[in-house]
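Comments concern the structure below.
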Amino acid sequence: MKILVTGSSGLIGTALVESLSRQGQAVTRYNRAQPPALDDFEAVVHLAGANISSRWTTAKKQQIYSSRVDFTRQLSTGLARAAQPPRVLICASAIGFYGDRGSELLTEESLSGTGFLAGVVTDWESATAPARQAGIRVANLRVGIVLDARQGALAKMLPAFKLGAGGRVGSGRQYWSWVDVADVVGAMEHVLATDSIRGPINVVAPQAVTNREFTQTLGRVLRRPTLLPLPAVVVKILLGEMSQLLLASARVRPVQLEASGYRFRYPLLDDSLRHLLGR
């Protein structure tokens, strides 16, 4: 299969391209400086977007929005106008769609939440409309907290936890819907191969955990204490509005993936962490 991948240098993109290439798929990395013609691909995986892990100034928020919504609309319009459009467009999305929802169990049928991220994700998914209206199968993958030992949230947590200086964030009662990077790649490959899958797809492990549970599990795997909590007020002072990435609660279930027959490689947090950390 001839596949175009945007955002191929990021955490997910790097892992996906490596996996597809090992399988003998013909993968092209999208380059904005020299964008390829869009007429010659069977599938497009769109992962591009500005990093959200820095303080959300007004300018940064505009960059986050434009890099997702505007670029997605531009790409979708180009694909819709292609002489030979792809059969499928997989567009990255995020569980930020649901906002801060406490212990409410969230599925793909749940309504969007409120706040900056929820607004961005709602518009991000809507920006794929030109492709969908042109008859392209579109899947919006609402990805949770991706676990990888080299990049992302887990990698940033590891130094403190290895020193025994880790602990819960805020109350620790907020749900973190996590997913092993291997399952993000596996889910994308599953969606590529399954013609019946379209629309919003939650890409999270079957069992969300609270921040307290996440912290305790990571400490147990590393054999380190987790006795130093990070108060919510400190997180808000340090990160401002971006603090919602750590403090918001989203208990998300991957209903569509499970119903379509996808089998998670790492459905349990303990197994995922041991796999990623070589424990």
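The values are calculated or read from the model by the stated rules, or taken from the named source; none is laboratory data. None of these values were measured; they are calculated from a predicted model. Methodologically, a virtual Cβ is constructed for each residue, glycine included, from the backbone with ideal geometry; neighbour enumeration extends over all protein chains shown. With ligands, DNA and RNA removed, areas are computed over all heavy atoms of the protein, side chains included. Shrake-Rupley method; radii C 1.70, N 1.55, O 1.52, S 1.80 Å.
Rolling a 1.4 Å probe over the heavy atoms of the protein chains gives the chain an accessible area of 46 Å² per residue. Only the Cβ atoms of Lys and Arg (+1) and of Asp and Glu (-1) were treated as charged; on that basis the dipole of the chain about its Cα centre amounts to roughly 800 debye.
The accessible surface of segment 162-271, taken with every protein chain in place and a 1.4 Å probe, is 54 percent carbon and sulfur.
Eigenvalues of the alpha-carbon gyration tensor of segment 1-79, scaled by 5 and square-rooted, set the equivalent ellipsoid semi-axes at 25, 16, 8 angstrom, largest first.
From the alpha carbon centroid of segment 76-108 to that of segment 117-163 is 9 Å.
Shape summary of the chain, radius of gyration then Dmax from alpha carbon positions: 18.6, 60 Å.
Per residue, the convex hull spanned by the alpha carbons of segment 57-185 comes to 145 Å³. Helix 116-126 and the longest principal axis of the C-alpha atoms of the chain enclose an angle of approximately 20°. Binning the alpha carbon pair distances of segment 176-256 at 10 angstrom intervals from zero yields the distribution 15, 34, 32, 15, 4, expressed in whole percent.
Please compare each pair in 2/60; 2/61; 60/236; 61/236; 61/162 to a cut-off of 27 Å on the Cα-Cα distance and tell me which ones are over it.
2/60; 2/61; 61/162
Legend: P(r) of segment 125-279 from all alpha carbon pair distances, 10 Å bins from 0, whole percents, reading 11, 36, 31, 16, 5, 0. For segment 150-237, relative contact order (Cα pairs under 8 Å, six or more residues apart, normalised by length) works out to 51 percent.
Orientation-averaged projection of segment 49-98 equals 4.3 nm² [convex hull of Cα atoms, one quarter of hull surface area]. Computed extension gain for residue 59 through residue 270, at 0.36 nm per residue and net of the alpha carbon distance, reaches 72.1 nm. Using C-alpha pairs under 8 Å with a sequence gap of at least 6, the mean separation divided by the residue count of the chain gives a relative contact order of 20 percent.
With coordinates expressed along the principal axes, the C-alpha atoms belonging to segment 195-234 extend over 47, 28, 11 Å, beginning with the largest.
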